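Take a look at the structure below.
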Amino acid sequence: MNKEQFYSVVSREKVVQAVRAANGPGYLFFKDILQHKYEAICQCLAGRVQVHYAVKANPSPMVLEEISRLGLGADVASGGELQAVLDAGIPAEKIEFSGPGKRLEELQAAMEVGIGAINVESLSELKKILTLSRDRDRQARIGVRINPDMGKVKTGLKMAGNTQFGISEANLPEVFALIRDNANRLLFQGIHLHIGSQVLEASVIAENMRIALNSALKVEQDFGVTVGKINFGGGWGINYFENQAPLNLSQLSEFIGVVLKEPAYKGLVDRCKLIVEPGRFLVGECGLFFAGIVTLKQNGTLDFAVLDGGMNHNYLLAGGMGQVIRRNFEIDAICQGAEEDGETKTFTVVGPLCTPQDVLANNVELPEVLAEEDTVLFFNCGAYGASASPLQFLSHPQPCEEMID
């Protein structure tokens, strides 16, 4: 989402007021944008698929409270995230727990509160759940996260194939044998796949859904179980950079409709709970990161704007979280004194840290009148922000986080 699109939903005046009232540097999350994205998802899915929120994108309590208010389920990846969504009021039966390294105490907590499914990612994990079930005389609702043989399916960030996630197809017989032999303890709910992240092509998302449906058919045929739910994962991308086209939701809705109407899947679609779990797509565009200018300086041929917040607060801006080449996010500036008159100047925007990696924007045009104590805004920062950043590095103050109604 570019800044013009953002300001068409939330006025720049409202953003300026919120920034000036906040104790930055930090994050502002705008309910209007989050609501806008949720409504777009619902329109795309047209009631055919349930929506869970991938908490790893942004576990801020104020964001989770809004997710709960909207009635979404949740996909968690740690015991801490599990407790956070429960605290936010999301019902246990609408929670699924994924992740390749769940600790014993996390599995126990998930069983005790009765979440919708622990998505098992290894035979070892399944055996631990079975032991806990026997020791505590408690049944466990489980899903099986399948890691399909992907070939060359295109994704933004690969989450299947030769990765640590899920259970390979070759190892499924042993897993389902254990489930079948302990059906009174291990309550099989269905399957989960998450093939890739930051996907911007509607056809790829639809094809990944077809892969999941085919996996469900194969599981039923090969292992004699009934699949009651299919979690397609998330991975819906957002356009961060100038040359990226946004995910076409109208096209995606059409493609999903075609896949779900294929005769081979009719039995599954009619009886299964179908789930998608967007994270970044739902909250990424609702958040702004803002930081104040501490110093303006020139070194060599470059003009620098040095901010009071950097990659310690937002690692994504500095190229973290899987970016191969750091690229500039959409940017704006709020000037405290002289009003912007249209004249601009080229700046390199950096944080306060003692590392050359702390570059937030290269060669960007900002108002020529920019001065110390003015504020720089970065858009599309609602996902993988503070919680995905090295907050303790150099012991600077923690960023603020505020939800703007």
Candidates per GluC sites (Glu not before Pro) in region 194-258, loop by DSSP, up to 15 other Cβ within 10 Å: E242
Pair A46, L302: separation of 7 Å Cα→Cβ label points (nm): 5.0 nm
Of G166, G320, G47, the one that fluctuates the most in a GNM where the chain has Cα springs shorter than 10 Å: G47
Ascending count of other beta-carbon atoms within 10 Å, so fewest first, for H313, H396: H396, H313
Within region 249-343, trypsin sites (Lys or Arg not before Pro) in DSSP loop having at most 13 other beta-carbon neighbours inside 10 Å: K261
Simple spin-label estimate for Q164 and R69 in nanometres, 7 Å along Cα-Cβ: 3.6 nm
Two-decimal log10 I(q)/I(0) for the chain, as the Debye equation yields it once each C-alpha is a single scatterer, q = 0.07 Å⁻¹: -0.36
Extended-chain gain in nm, criterion 0.36 nm per residue less alpha-carbon gap, E105 and N2: 32.8 nm
Likely footprinting exposure, D135, D75, D358, fewest C-beta neighbours within 10 Å first: D135, D358, D75
Order of V283, V259 under a 10 Å beta carbon neighbour criterion, fewest first: V259, V283
Computed FRET value (nearest 0.05) for R180 with E254, which takes r as the C-beta separation and R₀ as 45 Å: 0.70
Gain upon complete extension [D87, I325; 0.36 nm per residue less C-alpha separation]: 81.9 nm
Efficiency of FRET between D135 and N214 - r from beta-carbon atoms, R0 56 angstrom, step 0.05: 0.90
In degrees, nearest ten, helix 172-181 long axis to first principal axis of the chain (Cα): 60 degrees
R0 of 30 Å, Cβ-Cβ distance T344-L391: FRET efficiency to nearest 0.05: 0.40
Length added when fully stretched, L123-R12, from 0.36 nm per residue minus Cα-Cα: 34.7 nm
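Every number in this text was worked out from the coordinates using simple rules, so none of it is lab data. Note that the structure is predicted; figures quoted are calculated from it, not measured. Virtual Cβ from ideal backbone geometry, glycine too; neighbours counted across all protein chains shown.
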